[in-house]
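Participant: Take this structure, written in structure tokens, and hold onto it; I'll ask about it next.
The values are calculated or read from the model by the stated rules, or taken from the named source; none is laboratory data. The structure displayed is predicted, hence computed values, not measured ones. Because the Cβ atoms are built from the backbone with ideal geometry, glycine has one as well, and the counts that use them run over all protein chains shown. Note: accessible area is taken over every heavy atom of the protein model, side chains too, but ligands, DNA and RNA are not part of it. Shrake-Rupley method; radii C 1.70, N 1.55, O 1.52, S 1.80 Å.
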Amino acid sequence: MTRTTAAAIVLFAVSTATILGAWAFEILGGYAPCPLCLTERWPYYAVVALGFVLVVAAMASAHERWIRAGLAICGAIMLASAALGGYHAGVEWGWWPGPQTCAGGGGFSGGGVLPDLDNARVVACDEAAWRLFGLSFAGYNAVISLCLAIVAFCGAIRPRRTV
């Protein structure tokens, strides 16, 4: 297995696991996401989709140049995701103000398909719903995104030729 293929597999698997984890915390754990939390998921959705295409292409022995280009795109997306997670963590720590949309949000509140709008919980972006070792969901998003960016860029770099 080439380094490029391994990077594509890791990128796809970890991105998928991260999104599944976010959904589990929301649906099973009852942690309603704020508007910034929902925005932070979009880079993962993009990388899951592109990562899947890259894994299939790598397994089908597609030209490695295209796979490396896709990994570079995923790396850039994950760098943006890390910046967004860092920004959100800074909002939670009170280092800077969040966007105006951070006063709304909500999540699933019960048994129906749609949320109960009369009893919707308002989730503010500046309040960390959960922390472990000092990091909130947003902080862990920044760390995971940065690690995935490193994996993607390492897979995108052409291997050195030995002389």
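Participant: Inside the range 1-19, can you point out the residues that are of a type in the set (Ser, Thr, Tyr), buried (at least 19 other Cβ atoms within 10 Å of the Cβ) and touching a Phe, Trp or Tyr at 6+ places or on another chain (Cβ under 9 Å)?
Facilitator: Ser15, Thr18
Participant: Looking at (1) open to solvent by 30 Å² or more (accessible area, probe 1.4 Å); (2) at pLDDT 95 or above, can you tell me which one Leu54 breaks?
Facilitator: The number of the failed condition is (1).
Participant: For the range 59-96, name all the residues that are farther than 24 Å from Val14 by Cβ and touching a residue at least 12 places away in the same chain (Cβ under 8 Å).
Facilitator: Val91, Gly94
Participant: Quick one: how many residues across the range 35-51 are of a type in the set (Ser, Thr, Tyr) and open to solvent by less than 70 Å² (accessible area, probe 1.4 Å)?
Facilitator: Matching residues across the range 35-51 total 2.
Participant: Of the conditions (1) at pLDDT 85 or above; (2) closer than 23 Å to Gly51 by Cβ, Arg158 satisfies every one except a single condition; which number is it?
Facilitator: Among (1) at pLDDT 85 or above; (2) closer than 23 Å to Gly51 by Cβ, the lone unmet condition for Arg158 is (1).
Participant: Oh, and also: Considering (1) buried (at least 18 other Cβ atoms within 10 Å of the Cβ); (2) assigned to a loop (DSSP other than H, G, I, E, B); (3) of a type outside the set (Asp, Glu), say which one Ala22 fails and leave the rest.
Facilitator: Looking at each condition in turn, Ala22 falls short on (2).
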